[in-house]
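Here's the structure, in structure tokens; my notes come after.
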Amino acid sequence: MYNYTNKSKNKEEKVVKRSKMMALAMSASLAASVFSGIGVQAETEQTTITFGVFETDNITSEIWQGFIEPFEEAHPEIKVELVLASGDDRDSFWRTKLNSGEFPDVLVEASKLATMGIFAEVPEDVQALFNPDLITEISGTVVEIPASVQYKGQCYYNKEVFEELGLEEPETWDDFINICETIKEAGLVPLMCGGTGDTWATGGMFWVAEGDTQVQNAYPDFVQGLAEGTYTWNNELIQNILTTYQDMVNAGYYYEGGLSLSYSQCADAFLKGDAVMLIDGSWMNATLDSAGNEDFGVFIVPAMDGSEIAIGNASTWAVYKDSKNQDAAWEFIKYIFGEDTSGYQAWLECDGLFSTTVEAVTYEMGPVTTKFLENIEGYTVKSELNAITGDYAFPSGMSSFMDKSFQNIFSGADVSSELDSWDTEYQRLLDEQ
């Protein structure tokens, strides 16, 4: 059970209990849509395993060292070395490492590479550490562990501006567009975005809020149907979603210089008041709650079709099947998810993540995180299309291609032509697997 505790000392016990139940319900709902170890032998020489990671503003090198240092102290016979992904296309980075024979023993973002057949089967005692509803198979074999759950696609807003303009959190899509128009008429920028070095920060979160929700509402079997040729990207629904996005850009609702900003820069600009709203993920909860910032609220972006679907995904880790140090790699995973979970807890809290282990790892939940979960109470939780694991997972590289296409649409590209390119690229990547 996910026993999250409210950070605010003034919250009544019933609010704490309510937050616990909401976190449990959200993670359990996600499970419906997304998803024997060998002890290390006594060694005379130190074994070194490589740990493939990435860094963000929240997930720093100190966070990863929080996993490594306690493990190395408990297991002096094993050394863990970080391999840090660079660039804005981490999937391509790891494929390059694979082709060069330098793939890490343990990888922290495995889902988009899992169908390539490069990961080892997860031992039963490792599987037993995690919520069984979140464990998925590829061709009948478990090759990933569900390390965390994260939610995306809600809208953060400046409370003071909303109050000054007499605005309230929207209940419908028309309400949301009216808010954008009111903010623009007041001489302010409605929405912030980024793009330089972080292509996902241009249209990725809009797509999560409107594309992932509406597509899965209309076509619950879309991922399978796409792989089997039943569905295509270029259809009327998706054309309408992305045309609306482009119309919002053309209407001046987005920060004009967004494509020149990294995600960090765009988030800082939003917090400084350069725009009134930012559609983002639950990592922003961690940023605001850790700083005790009470100037911003958060609401779920209403879907154009009125559906009540919230989007989250399980982050999966895996061990390379050709690793010469698999025993040590699994020992590392068992330690950090089952023996000393202090590093796991710090990782979850720093980025607004939620535990997936049977023995839930908890942290104090601040007011923004609490409100974030309240917003999706009663909603059906589904995974991002490009984060669904299993046999029908998107081929590696498709997500990055879509992010670049969102930038093209932001800059005025023809929507139908872009979607034709999605179909072409999807099939090309699928054939290459």
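Residues considered: Glu81, Glu109, Glu72, Glu121. Of these, the only one that is of a type outside the set (A, V, I, L, M) and in a strand (DSSP E or B) is Glu81. With respect to the numbered conditions (1) closer than 24 Å to Thr287 by Cβ; (2) over 20 Å from the mean Cα position of the chain (by Cα), which one is the sole condition not fulfilled by Asp247? All conditions are met except number (1).
Based on this model, can you work out whether Lys112 counts as buried (at least 20 other Cβ atoms within 10 Å of the Cβ) and either over 30 Å from Leu429 (Cα atoms) or modelled with pLDDT under 95 (or both)? Yes.
When the helices (runs of 4 or more DSSP H) confined to segment 212-265 are screened for residues that are in contact with a strand residue (DSSP E or B) (Cβ under 7 Å, 6 or more places away or on another chain), those reaching at least 3 such residues are found at 213-218. Scanning segment 146-178 for residues that are among the hydrophobic types (A, V, I, L, M, F, W, C), farther than 20 Å from Ala269 by Cα and either open to solvent by 70 Å² or more (accessible area, probe 1.4 Å) or not in a loop (DSSP other than H, G, I, E, B) (or both) returns Ala147, Val149, Trp173, Phe176, Ile177. Out of Ser282, Ser290, Ser307, one residue alone is of a type outside the set (A, V, I, L, M, F, W, C) and in contact with a Lys or Arg (Cβ under 8 Å, 6 or more places away or on another chain). It is Ser282. Scan segment 236-246 for residues that are touching a Leu at 6+ places or on another chain (Cβ under 8 Å) and either farther than 13 Å from Ser416 by Cβ or surrounded by fewer than 15 Cβ atoms within 10 Å (Cβ to Cβ) (or both) and the total you get is 0. When segment 391-414 is limited to residues that are open to solvent by less than 10 Å² (accessible area, probe 1.4 Å) and more than 18 Å from the chain's Cα centre (by Cα), the one that is nearest to Ile138 (Cα to Cα) turns out to be Ser405.
Scanning segment 297-345 for residues that are open to solvent by 40 Å² or more (accessible area, probe 1.4 Å) and either of a type in the set (S, T, N, Q) or within 30 Å of Leu278 (Cβ to Cβ) (or both) yields Met304, Asp305, Gly306, Glu308, Asn325, Gln326, Thr341, Ser342, Gln345. Looking across segment 192-229, just one residue is touching a Lys or Arg at 6+ places or on another chain (Cβ under 6 Å) and open to solvent by less than 10 Å² (accessible area, probe 1.4 Å), and that is Val208. Among residues of segment 284-296 that are acidic (Asp, Glu), those with a Cβ under 9 angstrom from a residue that is assigned to a loop (DSSP other than H, G, I, E, B), sequence gap 6+ or separate chain, pair up as Asp289/Lys7; Asp289/Gly352; Asp289/Gly366.
Between Asp351, Asp274, the distinction of being open to solvent by 10 Å² or more (accessible area, probe 1.4 Å) and either in contact with a Phe, Trp or Tyr (Cβ under 6 Å, 6 or more places away or on another chain) or hydroxyl-bearing (Ser, Thr, Tyr) (or both) belongs to Asp351 only.
For segment 40-54, filtering for residues that are at pLDDT below 80 and open to solvent by 100 Å² or more (accessible area, probe 1.4 Å) leaves 3.
The values are calculated or read from the model by the stated rules, or taken from the named source; none is laboratory data. Keep in mind the model is a prediction, meaning the values are calculated, not measured. With ideal geometry, Cβ positions are generated from the backbone for all residues, glycine too; neighbour counts draw on all protein chains shown. Side chains included, ligands, DNA and RNA excluded: accessible areas come from the protein's heavy atoms. Shrake-Rupley method; radii C 1.70, N 1.55, O 1.52, S 1.80 Å.
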